[in-house]
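**Student:** This is the structure I have questions about; it appears just below.
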Amino acid sequence: QAAEKGAYPFFMLKEIDEQATVARHLIKHYFVDGIPHIDAAILKSIKQADRLYIIAAGTSYHAGLIGRRFFEKWAGIPTEVHIASEFAYDHPLISKNPFFIFISQSGETADSIQVLEFVKKAHYASLTLANVMNSTLTRDVDFALPLLAGPEIAVASTKAYTAQIITQIILAAALAGGHTDLQGQLSRLAVDMQAVIDGKDHIKALADDYLVNADRAFYIGRGADADVTLEAALKLKEISYTLVEGFAAGELKHGTISLIEHGTPVIGLISQSKTAGLTRSNLEETIARGAKTMTIATKNLASANDEIILPELTGEMEMFGPILEAIPIQLLAYYTSLGRKLDVDHPRNLAKSVTVQ
Ligand code: G6P
């Protein structure tokens, strides 16, 4: 393993760096003549469903939250996203013709396998999106699609997360009957991802300034940005041991704002035009209580003073906001852990793949 790291001090940084390349691999694999191409049998089976149930754990669950938006908006299929360990023992009323989508980096998460057992017994149709093919979750389902992220070694998942989002986008587009602009849009996105990755020194400086000496931090956002706050909080807490919460910005006033003290870091994610102004005013409210805020915004929604300005994403491309936001939130976690001289790739008490329930 030491050799594979090359010049990188930790696998996590290498894997963050690989994300634009993984996006290009996915485009190459899943597009034929500019059209998203998914096995016809998979599309047929999903189209017979009246509802999708996405089942996953950890970071893969967070990717499912983003994917849901595409399955509903583009493919028009009602979609629920469930934490595997919850669904296994307490599932909701299931629709008449459900279709189950498992999302997993390893394909070996015990909680997800537990749900798969239930799905098989009930003879429900299923598909797994996994990075490790020939794993339990890819073998025992009706269909499987690869995430093509390559081996992910660091315990904190990074490139699998963006690959999971992009693969769901491609699947949703294929279900919607093809999307003639998607290949171009995703190719532009890969260029933008690389630009954000190349700005890592600036993000390191922000991690040093805001987070390395903080004992708590908060991420806020709305809509798809709220989904990303969950992943942002998970990344930062799991490798830096900071107490971090991520949640919908509108919920701040219902509780968490009482935790804001002088200098508490509050990081706002802004990529959605409908709610950008609201999240900004929520950030202002925390400033009034002493918070030290950091704003991560796409260029079209940014103001000149924002700490991290991501490439512009307008019109339909706005839905890709989470993919660009993923990179700074991963880098902030990485550099906070590094700044604390922790073993970034091997956080205490955690395993890469959890094979117990
Ligand atoms: C562990 C890993 C996480 C991962 C989760 C789900 O907790 O540390 O990075 O998101 O398991 O794993 P899976 O392989 O199913 O995506």
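**Student:** Need a quick list: helices (runs of 4 or more DSSP H) entirely within region 42-143 having at least 3 residues that are in contact with a helix residue (DSSP H, G or I) (Cβ under 6 Å, 6 or more places away or on another chain) and among the aliphatic types (A, V, I, L, M).
**Tutor:** 58-73
**Student:** Could you list all residues from region 281-302 that are within 25 Å of residue 204 (Cβ to Cβ) and charged (D, E, K, R)?
**Tutor:** 292, 299
**Student:** Cβ contacts < 9 Å: first residue of a type in the set (D, E, K, R), restricted to region 111-122; second residue in a helix (DSSP H, G or I), any location; separation 6+ or different chain. Result?
**Tutor:** That search, which allows pairs on different chains as well, returns 111/84; 111/85; 111/86; 111/87.
**Student:** Name, by its number, the condition in (1) touching an Asp or Glu at 6+ places or on another chain (Cβ under 9 Å); (2) of a type in the set (D, E, K, R); (3) more than 16 Å from the ligand (Cβ to nearest atom) that does not hold for residue 340.
**Tutor:** Among (1) touching an Asp or Glu at 6+ places or on another chain (Cβ under 9 Å); (2) of a type in the set (D, E, K, R); (3) more than 16 Å from the ligand (Cβ to nearest atom), the lone unmet condition for residue 340 is (1).
**Student:** Which residues, counting only those in region 129-156, are of a type in the set (S, T, N, Q) and within 10 Å of the ligand (Cβ to nearest atom)?
**Tutor:** Across region 129-156, the qualifying residues are 131, 135.
**Student:** Moving on to the next point. Taking region 85-119, which residues are more than 24 Å from residue 175 (Cα to Cα), of a type outside the set (A, V, I, L, M) and more than 16 Å from the ligand (Cβ to nearest atom)?
**Tutor:** Residues satisfying the conditions are 89, 90, 91, 92, 118.
**Student:** Something else now. Hey, any hits in region 2-10 for a residue that's closer than 24 Å to residue 170 by Cα and buried (at least 20 other Cβ atoms within 10 Å of the Cβ)?
**Tutor:** Checking region 2-10: not a single residue is closer than 24 Å to residue 170 by Cα and buried (at least 20 other Cβ atoms within 10 Å of the Cβ).
**Student:** Can you tell me which residue among 311, 322 is closer than 19 Å to residue 63 by Cβ and under 21 Å from the mean Cα position of the chain (by Cα)?
**Tutor:** Going through 311, 322 in turn, just one is closer than 19 Å to residue 63 by Cβ and under 21 Å from the mean Cα position of the chain (by Cα): 322.
**Student:** Take residue 82 and decide whether it is free of Cβ contacts under 8 Å to residues at least 40 places away in the same chain, within 16 Å of the ligand (Cβ to nearest atom) and surrounded by fewer than 23 Cβ atoms within 10 Å (Cβ to Cβ).
**Tutor:** Criteria met by residue 82.
Where a number appears in this text, it was derived from the coordinates with a stated rule and is not lab data. Since we're looking at a predicted model, the values are computed, not measured. With ideal geometry, Cβ positions are generated from the backbone for all residues, glycine too; neighbour counts draw on all protein chains shown.
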